[in-house]
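Please read through the structure below; I'll follow up with questions.
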Amino acid sequence: MDNINQVLIVGGTHGNELIGVYAIKKFQRSHPLIQRPSFVTHTLLANPGAIAANVRYLDQDLNRAFVDSAAPSPANAPSYEQQRAAELRAQWGQPESPVDLLIDLHGTTANARVMLILDDLNPFTLHLAAYLSRCQPHLRVYSSSGSGRRQDSLRSQARYGIGIEVGPVAHGTLRADLFQQTEATVLAALDFVEQLNQTGTVPADLPRSVTCYCYRQALDYPRDEQGQLQAMIHPDCQFRDYEALHPGDPLFLSFDGDTIPYQGETVTYPVFVNEAAYYEKHIALYLTEQQIIPLP
Ligand SMILES: [Zn+2]
């Protein structure tokens, strides 16, 4: 595997996900923590306007703004996030990104524990996932491959991009244990890169496979013709991220107390169950398939 020369750690892509914001502020105060001899580590607060306002975004989701088609037409003033995405692309982004590895820090109201988000399962990210799984018992690996997310996210701008999503944590709040797990995961990722650069190889004692929750489908809440919610996540499903959901298992509960079962035909493993920021995206949860992926 090629050397990693520059790493960019990002927080505040969503301005009210405070664990990432305060982790970046700590890393900026205590830069030796994230320095390693064989590569340069940068830090970035991606959406300062949203961070100042303690909201996810000002005009639109920055983490969906990194697409060419998002370029504003001359008739429309670009949104704050479109401007910000253009600035970030110019400094850090494709087509010739100076960043070999981008680590984007997020928080979720879902019971993600420590979720490592991989957009594609290349040898580098799979070995990194195996290493982090060994260091961090709460870590679960989610593959967004197939969700169409690769091109519009901030992390897609670098050669390798990963997301670290921790939860459950309410937006606009901190949780000390999840802050510490975020920090430990970032530092472990930097240690992995350092070892890879120094030795040219990955640790010999890594697990030989990674359990990965692979995106299959986004599911919306039941809604009426006006788009109004007709049901909530069922109590039996709440906080059950990564747990098997079988056909017929309770999925939603209507406001009248009627259970709406999962109607798929095969077992699935929900993630991002009841994520607050996904109501506006019409997503109640993602359905995934659990796969054991052998390391290349
Ligand atoms: Zn986020």
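The values are calculated or read from the model by the stated rules, or taken from the named source; none is laboratory data. Being a predicted model, the structure only gives us computed values, none of them experimental. Every residue, glycine as well, gets a Cβ built from its backbone with ideal geometry; the counts of neighbours run over all protein chains shown. For the accessible areas, the whole protein counts, side chains as well, though only heavy atoms, and no ligand, DNA or RNA atoms are used. Shrake-Rupley method; radii C 1.70, N 1.55, O 1.52, S 1.80 Å.
What is the one condition in (1) more than 15 Å from the ligand (Cβ to nearest atom); (2) farther than 22 Å from A176 by Cα that A65 does not satisfy?
Failing condition for A65: (1).
Going through G93, G107 one at a time, which residue ends up being within 11 Å of the ligand (Cβ to nearest atom), surrounded by 18 or more Cβ atoms within 10 Å (Cβ to Cβ) and of a type in the set (G, A, S)?
Every option except G107 fails the conditions.
Shifting gears a bit: Which one of these does Y286 not meet: (1) within 23 Å of the chain's Cα centre (by Cα); (2) of a type in the set (F, W, Y); (3) open to solvent by 30 Å² or more (accessible area, probe 1.4 Å)?
(3)
Of the numbered conditions (1) loosely packed, with under 12 Cβ neighbours inside 10 Å; (2) more than 21 Å from P123 (Cβ to Cβ), A218 fails exactly one; give the number of that condition.
So the condition that A218 fails would be (1).
Per-residue answers, yes or no, for (1) of a type in the set (V, I, T); (2) open to solvent by 60 Å² or more (accessible area, probe 1.4 Å); (3) free of Cβ contacts under 8 Å to residues at least 12 places away in the same chain:
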| site | (1), (2), (3) |
| --- | --- |
| Q198 | no, yes, no |
| V210 | yes, no, no |
| P222 | no, no, no |
| T259 | yes, yes, no |
| A276 | no, no, no |
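Has region 140-150 got at least one residue that is open to solvent by 10 Å² or more (accessible area, probe 1.4 Å) and in a strand (DSSP E or B)?
yes
Just to verify a result, which residue in region 245-257, among those that are part of a loop (DSSP other than H, G, I, E, B) and over 23 Å from R216 (Cα atoms), is most open to solvent (accessible area, probe 1.4 Å)?
My answer is D256.
Next question, about the same structure. When residues of region 1-38 are filtered for being within 23 Å of the chain's Cα centre (by Cα) and either at pLDDT below 95 or within 16 Å of the ligand (Cβ to nearest atom) (or both), how many remain?
Residues meeting the conditions: 16.
Sticking with this one: Taking region 167-181, which residues are part of a loop (DSSP other than H, G, I, E, B), closer than 13 Å to V21 by Cα and of a type outside the set (K, R)?
If the condition is that a residue be part of a loop (DSSP other than H, G, I, E, B), closer than 13 Å to V21 by Cα and of a type outside the set (K, R), then H171, G172, T173, L174 are the ones that fit.
Determine which member of the set L62, L88 is out of contact with any Ser or Thr (no Cβ under 7 Å at 6 or more places or on another chain), within 17 Å of R155 (Cα to Cα) and either among the acidic types (D, E) or at pLDDT 95 or above (or both).
Going through L62, L88 in turn, just one is out of contact with any Ser or Thr (no Cβ under 7 Å at 6 or more places or on another chain), within 17 Å of R155 (Cα to Cα) and either among the acidic types (D, E) or at pLDDT 95 or above (or both): L88.
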